[in-house]
Amino acid sequence: MHNKHPQAAAQPGAMDFSGTWKVYSEENLEEFLKIVGAPQMVVKMRKEVKPVIVIEQKGKDFTFTMKTPVCTKVHSFSLGQESEMESLDGRKFKCTIREEKGKLITETAKFTSVREIQGEDMVETVTSGSVTFISRSRRV
């Protein structure tokens with residue numbers, strides 16, 4: 001019996017984002033926040049904080065909790081379905097998150113985000129115009 005989809009068996013393990021992640025590295029954060037229109041106060045606060053991200057994954061349903069000393073944001077979504085998210089400064093926006101080859105991809109009017117597991121790290125690469133923001137986290 002020839003398996004046409006060898007990836008299928010490995011898929012669930014390849015996309016296990018569940019856990020508590022501590023951001024340890026961020027590149028181009030300030031430039032990214034400015035290009036998407038974040039207020040200066042938010043830019044200043046986020047530069048000084050490395051958030052903790054708690055991800056609960058049940059099949060296609062996810063809950064992302066981003067914790068900083070200033071606030072906690074909770075986003076729940078299902079893959080492939082439009083959901084409403086909220087930026088750190090309270091602006092709401094709609095997006096659809098899909099899974100592609102073990103990566104979570106979010107596309108909005110202002111940015112595209114690709115979140116993936118690379119070894120021990122969760123890497124999020126967010127592109128808006130000419131700016132690319134890269135966030136790296138490790139499970140804690």
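What FRET efficiency do you get for Ala109 and Val54 if R0 is 30 Å and r is their Cβ-Cβ distance, rounded to the nearest 0.05? List each step's numbers first, then the result.
Working: r = 27 Å, r/R0 = 0.90.
Between Ala109 and Val54 the formula returns 0.65.
Over the chain, calculate the relative contact order: mean separation of alpha carbon pairs under 8 Å at least 6 apart, over the residue count, as a percent. Could the numbers behind the result be given before it?
Details: 266 pairs, mean separation 36.1, N = 140.
That works out to 26 percent.
Would you mind working out the magnitude of the charge dipole of the chain relative to its Cα centre, with +1 at each Lys and Arg C-beta and -1 at each Asp and Glu C-beta, to the nearest 20 Debye? Before the final figure, lay out each step's value.
Details: 22 positive and 19 negative charges, 30 e Å.
Its charge dipole is roughly 140 debye.
Tell me the per residue accessible area of the chain using a 1.4 Å probe; a whole number in Å² is fine.
Working: 8340 Å² over 140 residues.
Per residue, the chain has 60 Å² of solvent-accessible surface.
Within the chain, what whole-number % of the accessible surface is contributed by carbon and sulfur, with the 1.4 Å probe and all protein chains included in the calculation?
Numbers: 4400 of 8340 Å².
The nonpolar share, carbon plus sulfur, comes to 53 percent.
Going through segment 76-131, which trypsin sites (Lys or Arg not before Pro) have at most 16 other Cβ atoms within 10 Å and a DSSP loop state? Please list the in-between numbers first.
Numbers: sites: Arg91, Lys92, Lys94, Arg98, Lys101, Lys103, Lys110, Arg115; in loops: Arg91, Lys101, Lys110.
Here the trypsin sites (Lys or Arg not before Pro) that fit, given the DSSP loop and packing criteria, are Arg91, Lys101, Lys110.
The values are calculated or read from the model by the stated rules, or taken from the named source; none is laboratory data. Treat the numbers as computed from the prediction; the structure is a model and nothing was measured. Glycine also receives a Cβ, built like all others from the backbone with ideal geometry; neighbour counts cover every protein chain displayed. Accessible surface areas use protein heavy atoms only, side chains included; no ligands, DNA or RNA. Shrake-Rupley method; radii C 1.70, N 1.55, O 1.52, S 1.80 Å.
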